[in-house]
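The values are calculated or read from the model by the stated rules, or taken from the named source; none is laboratory data. Here the structure is a predicted model, which means the values were calculated and not measured. Positions of Cβ are generated from backbone atoms using ideal geometry, with glycine treated the same way; all protein chains shown enter the neighbour counts.
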Amino acid sequence: MDNVTLFCCLVNSNTLFPMDISSSLTVGHLKEMIKEERPYDFTEIRADKLELFKVSVPDDDDFTKILAIKGIESLKSTMKLFELFPNENSEKTIHIAVKIPATSPNLRNVLDRCHILQEIQTGSYSHAEVIYNSRPLELSAPIMIYHPVFSKFVRSLSVPATTLEFTDKELEDAISFITVMCEFYDDRGTWRDYVHSVLKGFVVDSPITLNRVCIVLPDAFCRAFCPLLPRGVYAYFNIERITNEIGEGNWDPIALAERDYATIVTSDEYTSIREACCCPTLLIGMSGPHLVVSGAVFTERLISERLTDLIRIVPGPTNGSESPLDYLACRVAQLFRVIREASEELRTFYRELKPQPRPRDGGYCFPPHFDKYSIGQDNFQITYLERLSHNSPDKAIFKAEARNITSGVTCEVVVKFAYSYSQMGHELLASCGFAPALRYCQRVDNVGGMSVIVMDWVAGEHVPDGIKDAEVIQSLRRAVKVLHENGLVFGDLCASNVLVKQGEKTVMLVDFDWCGPEGFARYPYVNMHRGGLIEKAHDAHMFHLLTGVHLDENDNGSVA
């Protein structure tokens with residue numbers, strides 16, 4: 001049998017793509033191929049659960065309205081394609097509507113995500129096949145370390161709106177937007193047009209053609225010329241999706257924008273941009289009078305992180321010192337200003353983007369933007385080599401090379417980004433030889449205010465869950481006691497945070513996120529102690545679990 005080209009459309013997402021398949025195969029085979037061809041659209045769906053419908057719709061029509069598949073029977077998996085399309089040669093007709101089943105979406109999401117997590121933990125999963133958007137929590141990654149536009153966005157939006165000065169035009173646009181958002185509309189298209197009569201600078205309701213055939217249809221987008229792209233192809237730095245009201249349609253609009261982004265940045269046309277940067281983009285989702293903004297990047301994984309809460313564009317209660325409408329107008333004017341500034345920064349970024357040299361063997365292709373630090377009069381340049389902690393997506397830890405710009409001397413280091421870190425505890429143990437030398441530890445605004453820690457790279461291995469070597473146990477005992485004698489607790493004394501130096505029996509503690517003064521240091525809320533105070537007795541208990549002996553036990557086995 002000959003091959004047949006079938007044009008498929010994903011219902012509700014409005015993505016058009018071709019499938020070349022032998023006409024001797026079945027609908028079941030077509031489902032498998034669609035799943036394989038479009039992994040981002042069907043990450044959470046098994047191939048056999050896809051519903052396919054035979055349609056005949058010209059691709060230049062408004063197929064978002066024409067693909068009404070109610071009352072049409074879905075194709076059975078055993079059907080042969082040559083029976084369905086005996087003489088198919090129309091290249092401008094949509095033949096297959098692909099619908100994701102609406103049954104048990106939450107259960108399906110949980111089961112598939114659990115399977116993904118299991119594969120990540122065993123190292124058998126390709127990170128590019130899932131969007132890291134903190135759903136579930138284990139699939140989270142800090143986006144602000146990859147481009148400064150995101151931390152600047154959050155920082156600017158955190159300033160109280162009532163303390164800012166706005167122009168008459170900014171407030172006029174804000175009031176117009178509030179008025180539009182507070183109305184009810186019969187259809188999404190009308191509402192979208194009204195929104196963008198106020199929200200300027202977007203290309204509205206225009207398809208994005210990729211790989212010559214695949215079409216993505218966001219509700220609106222912003223694009224920029226990029227010198228790395230062929231003529232007629234643009235860099236997209238703002239993608240918007242809307243639904244008429246919350247609960248309408250099968251998708252959260254931000255989830256739709258994430259899938260549009262994934263399709264765009266993984267396309268053939270985007271290869272040169274992917275090789276030069278992390279493809280930073282703003283994603284905007286609107287549902288009725290609600291708006292949310294996310295940021296997205298593509299490193300070795302697709303990351304999407306919310307930059308705002310769900311903002312309700314309807315006047316609400318205030319503290320009584322100003323009217324609800326005045327207060328909301330200031331907030332919306334501030335939001336528009338921040339979006340506009342971020343968009344212009346991204347537009348300039350793509351316009352000035354230059355090819356990046358490929359990293360040398362072992363180099364890291366998608367580094368954080370923090371690449372310089374100073375110690376006194378010495379300035380250092382960081383070259384990232386690889387990402388560490390692959391099994392913990394929420395941790396941002398990298399092996400790197402630090403070069404003294406003046407002397408040219410280089411050394412291997414570890415660069416870590418953390419929300420909390422005990423510089424005191426690390427420096428104390430480093431001075432006693434129980435932690436790597438700490439080179440730099442500061443909070444940095446343009447990585448979201450996270451602490452950036454640079455320490456020496458130490459060759460060694462993590463201890464096993466049950467330490468048997470008496471010298472290693474004694475070294476660990478001394479390290480913990482140094483902390484306790486100085487009024488500090490470690491908090492997270494587990495095998496993954498204890499290294500044994502190569503060729504020695506000396507331990508190194510390497511994670512001081514929870515460390516701090518006893519009586520002040522607390523566990524994270526995700527820990528079983530839920531924000532409780534960390535006690536020395538807890539360190540002693542963890543020491544016993546690791547070693548099988550007591551922290552205060554003497555060499556003769558008695559407890560001091």
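Out of LEU139, LEU164, which single residue is touching a residue at least 60 places away in the same chain (Cβ under 8 Å), surrounded by fewer than 18 Cβ atoms within 10 Å (Cβ to Cβ) and aliphatic (A, V, I, L, M)?
LEU164
Return the only residue of SER431, SER407, SER389, SER422 being crowded, with 19+ Cβ neighbours inside 10 Å and in the same structural domain as ASN486 (by TED's automatic domain parsing).
Unique residue meeting the criteria: SER422.
For segment 443-467, which residues satisfy the criterion of being surrounded by fewer than 20 Cβ atoms within 10 Å (Cβ to Cβ), in contact (Cβ under 8 Å) with a residue 40 or more places away in the chain and not aliphatic (A, V, I, L, M)?
ASP445, ASN446, GLY449, ASP456, TRP457, GLY460, GLU461, ASP465, GLY466
Please specify each residue of segment 392-404 satisfying the condition of being of a type outside the set (A, V, I, L, M), touching a residue at least 60 places away in the same chain (Cβ under 8 Å) and surrounded by 19 or more Cβ atoms within 10 Å (Cβ to Cβ).
Scanning segment 392-404 gives a single hit, PRO393.
Taking SER158, is it under 25 Å from ASP252 (Cβ atoms), modelled with pLDDT of 85 or more and surrounded by fewer than 17 Cβ atoms within 10 Å (Cβ to Cβ)?
yes
Looking at LEU199, is it over 24 Å from VAL292 (Cβ atoms), at pLDDT below 85, crowded, with 17+ Cβ neighbours inside 10 Å and assigned by TED's automatic domain parsing to the domain that holds TYR327?
no
Checking the structure you have, find out if any residue of segment 473-483 is within 26 Å of ILE143 (Cβ to Cβ), among the charged types (D, E, K, R) and surrounded by 16 or more Cβ atoms within 10 Å (Cβ to Cβ).
There is no residue in segment 473-483 that is within 26 Å of ILE143 (Cβ to Cβ), among the charged types (D, E, K, R) and surrounded by 16 or more Cβ atoms within 10 Å (Cβ to Cβ).
If you scan segment 163-210, which residues turn out to be assigned to a strand (DSSP E or B), more than 24 Å from GLU341 (Cβ to Cβ) and in contact with a strand residue (DSSP E or B) (Cβ under 6 Å, 6 or more places away or on another chain)?
ILE208, THR209
Counting only residues that are in a strand (DSSP E or B), in contact (Cβ under 8 Å) with a residue 40 or more places away in the chain and within 30 Å of LEU137 (Cβ to Cβ), how many does segment 405-434 have?
5
Restricting attention to segment 282-310, which residues are at pLDDT below 95, β-branched (Val, Ile, Thr) and touching a Lys or Arg at 6+ places or on another chain (Cβ under 9 Å)?
THR299
For every residue, the table says whether it meets (1) under 30 Å from GLU138 (Cα atoms); (2) at pLDDT 85 or above.
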position	(1), (2)
ASN12	yes, no
PHE42	yes, no
LEU50	yes, yes
PHE53	no, yes
GLU91	no, no
HIS95	no, no
ARG108	yes, no
ARG113	yes, no
